[in-house]
Amino acid sequence: MAVIADFPSYPEWAGSIKSAEVLSTGADGRAQTVRFVLDAGMISDSYTLSYTWQGDEAVSWQVAEPGKMVADLRGSYLLADRGSGTDVTYELTVDLSVPMIGMIKRKAEKVIVDTALKGLKKRVEGR
């Protein structure tokens, strides 16, 4: 969860994220709102996400301020300790303000999820 909560480091491992700026934090010191700049080829945008933390086991987010292209973005990480490692469940829903064929949208979501999980795994194992 420490890697997930380290937003300023996202550009180092989270694929298309060019910057992540924590705008506000909660009483626990974790980010409540974060502004992202995204450059994913066809989709370049900036948007703000609002985070809800459940200890070190889960975090969820949703759009607080949409971008020009990213109309909605909701997701979560759920971590489960398995003794020899940690299982990570990542859910993501993306809605763009530009029309997109469903098949292309689903493929883009899959690429985002795969990239995020591979980047997270590499970052955690490199710590």
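Bear in mind that the values in this text are calculations on the coordinates, not laboratory data. Keep in mind the model is a prediction, meaning the values are calculated, not measured. Reconstructed Cβ throughout: ideal geometry from the backbone, glycine too, with neighbour counts over all protein chains shown.
Tabulated data
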{"item": "When the chain is reduced to its Cα atoms, the Kirkwood hydrodynamic radius in Å", "result": "15.1"}
{"item": "Stretch gain in nm, segment THR89-GLU57, where the contour uses 0.36 nm per residue and the Cα spacing is subtracted", "result": "10.5 nm"}
{"item": "Per DSSP, loop GluC sites (Glu not before Pro) in the range 1-108 with at most 12 further Cβ within 10 Å", "result": "GLU57"}
{"item": "For the chain, with +1 on Lys and Arg beta carbons and -1 on Asp and Glu, the positive-most of ALA64, GLN54, GLY85 along the dipole", "result": "GLY85"}
{"item": "Folded to 0 to 90 degrees: helix 102-126 orientation relative to the chain principal axis, Cα", "result": "30"}
{"item": "Spin-label model distance (nm) - ALA71 vs VAL3, 7 Å beyond Cα toward Cβ", "result": "3.4"}
{"item": "5 angstrom amide H check on SER19, placed H, neighbours 5+ away", "result": "VAL37"}
{"item": "Calculated FRET value between ASP39 and ARG82, using beta carbons and R₀ = 41 Å, to 0.05", "result": "0.75"}
